[in-house]
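Beneath this line is the structure, given in structure tokens, with notes to follow.
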Amino acid sequence: MLDFAHIRTWIFDLDNTLYPPEANLFAQIETRMTDWVMRVTGVDRARADHLRSDYWARYGTTLAGLMAEHDVDPAPYLHDVHDIDFGHLERDETLASRIHALPGRRIVFTNGSAPYARNVLAARGLGAAFDAVYGVEHADFRPKPERAAFDAVLARDGTDPTSAAMFEDMARNLIAPHEMGMRTVHVAPAAEPAPHIHHHTADLSDFLSRLGN
């Protein structure tokens, strides 16, 4: 773990990174996103679901696609799609203590909204482990994987990317951090070998426990 000796800022994605994919919060969120696409475009649910996925693939998030192609106001959208049930998320005191033990600054950067992120962190018992929480609104609604999104959030936080590490479940969202000089960790059930991925783990808590060894 000498790869992390120089790290002073630890940046964590939220969804499927700070809670297990099995929690499947996106099943609720995607339903609400599709509802928005239906209202905005007037198409049926099947077509709206296709557009939702297409916007995500082409623009980074469904919101970015709706803003670019339909001039959607992001504020009510973000409030509505993240108004979901967090009751089945389990607290993880072990993960909280391991994040809190990391030396330096610890932040969350998500393509969701900051209020949504705080709700997730509260349900997981992780809120006190972080120094700051940044949502897509803090990146001027530019989503990961855009380099501009990372530039905006790191500038706002005052973070030097060459002394930062990024933990993320989406491999494509680690391309820009790698180019910026960050240490990258892919948190996912299966590894995706790529030059922009320095480390992979299927168990974030276990990986963090080994950083102190």
> What number of residues within segment 151-173 satisfy the criterion of being under 24 Å from L95 (Cβ atoms) and either under 12 Å from the mean Cα position of the chain (by Cα) or among the small types (G, A, S) (or both)?
Replying inline: 10
> In segment 20-55, which residue that is within 24 Å of the chain's Cα centre (by Cα) and aliphatic (A, V, I, L, M) is nearest to L204 (Cα to Cα)?
Replying inline: A23
>> Can you tell me which condition D140 does not meet? The list is (1) at negative phi; (2) among the charged types (D, E, K, R); (3) touching a residue at least 12 places away in the same chain (Cβ under 8 Å), and all the others hold.
In response: (1)
>> Restricting to segment 1-54, and then to whatever is under 30 Å from L208 (Cβ atoms) and of a type in the set (V, I, T), can you tell me which residue is surrounded by the most Cβ atoms within 10 Å (Cβ to Cβ)?
In response: I11
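Here's the yes/no breakdown for (1) in contact (Cβ under 8 Å) with a residue 24 or more places away in the chain; (2) farther than 22 Å from F26 by Cβ; (3) out of contact with any Ser or Thr (no Cβ under 6 Å at 6 or more places or on another chain):
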position: V108; (1), (2), (3): yes, no, yes
position: S113; (1), (2), (3): yes, no, yes
position: A128; (1), (2), (3): yes, yes, yes
position: A152; (1), (2), (3): no, yes, yes
position: M170; (1), (2), (3): yes, no, yes
position: V187; (1), (2), (3): yes, no, no
position: A194; (1), (2), (3): no, yes, yes
position: T201; (1), (2), (3): no, no, yes
>> For segment 1-112, give me every one of the helices (runs of 4 or more DSSP H) that falls completely inside it and has 3 or more residues that are more than 21 Å from P189 (Cα to Cα) and of a type outside the set (G, A, S).
In response: 25-41, 45-59, 62-70, 74-81
>> Regarding segment 113-120, can at least one residue be identified that is outside the structural domain of D151 (by TED's automatic domain parsing) and either closer than 21 Å to P21 by Cβ or buried (at least 21 other Cβ atoms within 10 Å of the Cβ) (or both)?
In response: no
>> Looking at segment 167-207 only, could you name the residues that are in a helix (DSSP H, G or I) and not β-branched (V, I, T)?
In response: A171, R172, N173, L174, A176, P177, H178, E179, L204, S205, D206, F207
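A quick yes/no check of all residues on (1) under 20 Å from A139 (Cβ atoms); (2) crowded, with 18+ Cβ neighbours inside 10 Å:
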| residue | (1), (2) |
| --- | --- |
| T159 | yes, yes |
| A164 | yes, yes |
| N173 | yes, yes |
| A176 | yes, yes |
| E179 | yes, no |
| P189 | no, no |
| E192 | no, no |
| I197 | no, yes |
| S205 | no, no |
>> What's the total number of residues in segment 113-140 that are in a loop (DSSP other than H, G, I, E, B) and of a type in the set (F, W, Y)?
In response: 1
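The values are calculated or read from the model by the stated rules, or taken from the named source; none is laboratory data. Here the structure is a predicted model, which is why all the values come from computation and not from measurement. Don't worry about glycine lacking a Cβ; one is built from the backbone with ideal geometry, like all the others, and counts go over all protein chains shown.
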